[in-house]
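Structure first, commentary second.
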Amino acid sequence: MKVTIIGLGYVGITTAAGLAEIGHNVIGYDIDSNKVESLKKGISPIYEPGLDELLKKNLKKKKLGFTTSPEEAIHHGEIIFICTGTPSREDGSADLTQVEGAAKTVARHINGYKLIVEKSTVPVKTAQWIERTMKLYLKKKVDFEVASNPEFLKEGDAIRDFLKPDRIVIGVGSKRAERLLKELYKPIRSPIVVTDINTAEIIKHASNAFLATKISFINMISDLCEATGADVELVAKAMGMDKRIGKEFLRAGIGYGGSCFPKDVKALYHVGTQYGLNFELLKNVHEINEARIDVLMKHLKNALWNLKDKNIAIWGLSFKPNTDDIREAPSLKVIKRILNEGGKLTLFDPVAMENMKKVYPEKYPEITYAKDMYEAVKDKEALVILTEWDIFKEACLSKVKELMLTPIIVDGRNIYKPKKVRKMGFEYYPMGRP
Ligand code: UGA
């Protein structure tokens, strides 16, 4: 099938590569010519394991192409996915101007029936706005429909999530749209849930908000564990063994970040309150998450007393492992707080340092970037762990101890066994563990 992707961000690129991989003929469109030129060479502007290989393979097979021409893009696909960004406005609501812009682009260049599918995470009833925008800006009488097909891709695991999803959700308003989307996903053997459009839009927002709620819930319990000398890891383990609860997304720590959960929790709260409903639960989820930084800072100060002129290493800058994405990463908040208190920082991350250098350039006072994780800890008075990269889990801790000035670890992700590291002579501060 011929498919067009509008918006080549994280979701757009992965969707384009994934649909080409399952045999479709895909064109990705974006106004950013640098991005398009790089993608034409099979180089993704985002770090995602396996993505470059998939791009190169399908570019070579001519299953995939990229363009900055809206005309070429819109003429190409019978199915057009809108994958533009939906950032937060200051009040927490979703800014949908890019989605509107994409709808206008389709209206301007439409040349025959199109199924316009929203894939970006959007508030319920966005499809109705897309339809209205199309009708307002259409210059000729052309048949079109709008559908919703939310993505459930996790950064770092996006390709597997695309090719083997737990479920595919399609929100449609007609049998024709249902048929087209079912045909599109035929090569993927996952259950398909067919709903109306409003329901599909809510499924996506609710799924992300629920996962964020699980994280904030366990972080709330983590604080209780800390206050009482209990161990949140064991609480989560035993809770998760109950199939009704499930073990996923019960890892306590520094909290959730990234381009999705923080934005979607706020946006769904906003949608609920717009309808006059009590969505305070989501406000609490957000507030608990914000307070994780206070907990980590409390540990750091318990260890170092004053932070002024203290030399501190940070391992892990990305919001989670296997990505270079630092959007809404806890590291940004922790760095700011330590700098505000006069601390000196040496940062290390296996892939996210280039992105951090865009925020704190190499010559930024009081910040140094290390070449590797061991150089980062040399002569430091504390090591703060903010991302659970495998290399940190497997680090040679005796070497770390030898290199550090004072062997103190403040672990925002609970990656070590407290007894073991303490036995080695570290002062160890995990989250929610005795
Ligand atoms: C999330 C969802 O998991 C995807 O299903 C969804 O498609 C995507 O958002 C999106 O809306 O595009 P993502 O943000 O890539 O995916 O990453 P997650 O693996 O969900 O992690 C989010 C944050 O939660 C990370 O900062 C992670 O460290 C944190 N987290 C996760 C915890 O603190 N504890 C946990 O137990 C799990």
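Every number here is computed from the coordinates shown, using simple stated rules; none is lab data. As the structure is a prediction and not an experimental result, all values here were calculated from the model. Backbone-built Cβ (ideal geometry, glycine too); neighbour counts: all protein chains shown.
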Legend entry - Pairs beyond 23 Å (Cα-Cα), from LYS2/LYS186; LYS336/LYS358; LYS333/LYS380; LYS154/LYS419: LYS154/LYS419
Inset, instruction - Choose one answer from ALA238, ALA16, ALA127: the residue with the largest mean-square fluctuation in a GNM of the chain with alpha-carbon springs under 10 Å. - result: ALA238
Inset, instruction - In nm, give the distance between the simple-model label positions of ASN111 and GLU78, each being 7 Å from the Cα along the Cα-to-Cβ direction. - result: 1.6
Legend entry - Protection proxy ranking, peptides 411-421, 247-257, average beta carbon neighbours within 10 Å, highest first: 247-257, 411-421
Legend entry - Descending principal axes extents, region 178-304, alpha-carbon based, whole Å: 61, 35, 25
Inset, instruction - Please identify, among PRO191, PRO407, PRO165, the residue showing maximal mean-square fluctuation in a Gaussian network model of the chain using a 10 angstrom Cα cutoff. - result: PRO191
Legend entry - Cross-link partners of LYS237 among aspartates and glutamates (Cα-Cα below 14 Å; sequence separation of 8 or more within a chain): GLU248
Legend entry - Difference of contour (0.36 nm per residue) and Cα-Cα distance, GLN128 to ASN278: 51.6 nm
Inset, instruction - With springs connecting C-alpha atoms under 10 Å apart, model the chain as a Gaussian network and identify which of GLY50, GLY18, GLY42 has the largest mean-square fluctuation. - result: GLY50
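Which GluC sites (Glu not before Pro) in region 58-155 sit in a loop by DSSP (not H, G, I, E or B) and have at most 10 other Cβ atoms within 10 Å of their own Cβ?
Filter output for region 58-155: GLU90.
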Inset, instruction - Set the Förster distance to 56 Å, then compute FRET efficiency between ARG189 and LYS141 from the Cβ-Cβ distance, nearest 0.05. - result: 0.90
Inset, instruction - Report, in debye and to the nearest 20, how large the dipole of the chain comes out about its Cα centre when Lys and Arg carry +1 and Asp and Glu carry -1 on their Cβ. - result: 820
Inset, instruction - Please say if region 2-195 is rounded, prolate or oblate, where rounded means a/c under 1.5 for a ≥ b ≥ c the square roots of the C-alpha gyration tensor eigenvalues, and otherwise the choice is prolate for a/b larger than b/c and oblate otherwise? - result: rounded
Inset, instruction - Excluding residues on the same chain fewer than 8 positions from LYS125, give the lysines whose Cα lies under 18 Å from its Cα. - result: LYS104, LYS135, LYS204, LYS263, LYS266
Legend entry - For region 196-434, diffusion coefficient by Stokes-Einstein and Kirkwood Rh (Cα), 4 °C, 1.567 mPa s, µm²/s: 69
Legend entry - Label-to-label distance, nm, for residues given as SER398 and ASN198 (7 Å Cα→Cβ offset): 6.5
Inset, instruction - May I ask for the angle, rounded to the nearest 10°, between helix 280-290 and the longest principal axis of the chain, with both axes built from Cα atoms and the value confined to 0 to 90°? - result: 50
Legend entry - Cleavage-rule hits (trypsin sites (Lys or Arg not before Pro)) in region 325-373: DSSP loop, at most 13 neighbouring Cβ within 10 angstrom: LYS363, LYS371
Legend entry - region 45-84-region 379-434 distance, computed between alpha-carbon centres (Å): 43
Legend entry - Vicinal HN-Hα couplings computed from phi for region 321-328 (Karplus, 6.51 cos²θ - 1.76 cosθ + 1.60; Hz; Gly/Pro x): x, 6, 8, 9, 6, 10, 4, 6
Legend entry - Relative counts (whole %) of C-alpha pair distances in the chain, using bins that are 20 Å wide: 24, 51, 23, 1
Inset, instruction - Please name which of GLY50, THR97, VAL194 has its Cα lying farthest along the dipole of region 2-195 towards the positive end, using unit charges on Cβ (Lys, Arg +1; Asp, Glu -1) and the Cα centre as origin. - result: VAL194
Inset, instruction - Just name one of SER174, ILE288, LEU405: the one whose Cα is farthest towards the positive end of the charge dipole of the chain (beta-carbon charges, Lys/Arg +1, Asp/Glu -1). - result: SER174
Inset, instruction - List, in order, the whole-Hz ³J(HN,Hα) value for each residue of region 210-217 obtained from phi through the Karplus relation with A = 6.51, B = -1.76, C = 1.60 and θ = phi - 60°; use x for Gly and Pro. - result: 5, 4, 5, 5, 4, 5, 5, 4
Inset, instruction - Evaluate the Kirkwood expression for the hydrodynamic radius of region 334-399, namely the inverse of the mean inverse distance over all pairs of different C-alpha atoms, and round to one decimal in Å. - result: 12.7
Legend entry - C-alpha long axis of helix 292-304 to longest principal axis of the chain, angle in °: 20
